[in-house]
């Protein structure tokens, strides 16, 4: 799985906004840019993408900036990842099609089940993890993510 720069920086920007939302404050693009060591232009691009996906909105005027549209407990990381830059699995078969329009193995592929199962496990974790979970200290976040992974694995094992 490859995490795009847009996905990584999108999550970072959301975390900046989530931390500020606890104090009820809007955050300017300039402030996010400075804290995340991103160029102002790229920060605006990321924020625009997050806005189009419905995760944030802008507030004009003095004290304006950006705010979350939902509570950090309601923003699911899997949803963020898919909305910001798509799913790595959805484009996989078209991406490695060689010289054709589609993969030569589109009707019988031995590799696709591998990617499909990895996708289920990865998004099983991402779809159980919220922005609120990532706001915790790193050690606690790691514990939550491990629990989400183990729950995902056990749920998928029951389905089979």
Could you say whether any residue in the stretch 85-95 is at pLDDT 80 or above and buried (at least 17 other Cβ atoms within 10 Å of the Cβ)?
yes
State which residue is modelled with the highest pLDDT when the search covers only the stretch 1-19 and only residues that are over 13 Å from residue 80 (Cα atoms) and part of a loop (DSSP other than H, G, I, E, B).
2
Here the residues within the stretch 20-39 that are in a loop (DSSP other than H, G, I, E, B) and in contact with a helix residue (DSSP H, G or I) (Cβ under 8 Å, 6 or more places away or on another chain) are 26, 38, 39
Note on residue 107: of the conditions (1) farther than 15 Å from residue 15 by Cα; (2) at pLDDT 90 or above, unmet is (2)
Tell me, please, whether a residue that is crowded, with 19+ Cβ neighbours inside 10 Å and on the phi > 0 side of the Ramachandran plot can be found in the stretch 58-73.
yes
Based on this model, can you work out whether residue 63 counts as part of a helix (DSSP H, G or I) and either touching a strand residue (DSSP E or B) at 6+ places or on another chain (Cβ under 8 Å) or at pLDDT below 95 (or both)?
no
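The values are calculated or read from the model by the stated rules, or taken from the named source; none is laboratory data. Keep in mind the model is a prediction, meaning the values are calculated, not measured. Heads up, the Cβs are rebuilt from the backbone with ideal geometry, glycines too, and the neighbour counts pull from every protein chain shown.
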